[in-house]
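Where a number appears in this text, it was derived from the coordinates with a stated rule and is not lab data. Just so it is clear, the structure is predicted and the values come from calculations on it, not from any experiment. Cβ placement follows ideal geometry from the backbone for every residue including glycine, while neighbour counts extend to all protein chains displayed.
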Amino acid sequence: MKDQNRITEEFRVKGMICSRCLKVLNDELRQAGAEILEIELGRVVINYSSQKISRSHIERVIRENEFSLIWDKETLLAEQTKRWVINYIWNTNLEQKLSGFLVDKMQANYGSLSRNFSRVFGKTIER
């Protein structure tokens, strides 16, 4: 019989920039009672019992570890762009231009990505 008190939920998280961030959030959410289904930079999918842990407690665990939740589309797009920039730095031989890499990965116009990134972070992608 399926536990009707179990909830699967995705959280978009700002401030996750490295593997250490993944480990910290993974460990802290598990310790709080959540089952981690997926975790990657900027995103975590968890399953939890609403009888044992509340959504507000999960949000508090995220905030207490110096991350924040993303609610708006502009910030989400800027965070996705940042994750691809990090991926580019970590995993490419840098022969392809960053702008071309972002266009390929995000299927979006580079000018739009760049303007949005600057609006959200107050700096250009290249800096």
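Between Ile89 and Glu59, the simple label model (points 7 Å from Cα in the Cβ direction) yields a spacing of 3.1 nm. Think of the chain as a dipole: +1 on every Lys or Arg Cβ, -1 on every Asp or Glu Cβ, centred on the Cα centre; then among Phe117, Ser49, Gln107, Phe117 lies furthest on the positive end. Within straight-line reach of Lys73, meaning a Cα separation under 29 Å, sit the following lysines at least 8 residues removed in sequence or on another chain: Lys14, Lys23, Lys82, Lys97, Lys105, Lys123.
Max-minus-min Cα coordinates of the chain on each principal axis give 51, 28, 28 Å, with the largest extent listed first.
Grab the beta carbon distance between Val103 and Asp27, set R0 = 30 Å, and tell me the FRET efficiency rounded to 0.05. The calculated FRET efficiency here is 0.25.
In this calculation the C-beta distance from Arg127 to Cys18 is compared with R0 = 30 Å, giving a FRET efficiency of 0.95. Its Cα gyration tensor gives the range 73-121 an equivalent ellipsoid; the semi-axes, largest first and in whole Å, are 18, 11, 8. Taking label positions 7 Å along the Cα-Cβ direction at both Glu10 and Ser68, the computed distance is 2.2 nm, reported to one decimal. Rounded to the nearest 20, the Cβ-based charge dipole of the range 73-121 about its Cα centre (Lys and Arg +1, Asp and Glu -1) stands at 140 debye. In the chain, the calculated helix contribution to ellipticity at 222 nm averages -16000 deg cm²/dmol per residue, counting -39,500 (n - 2.57) for every DSSP H run with n ≥ 4.
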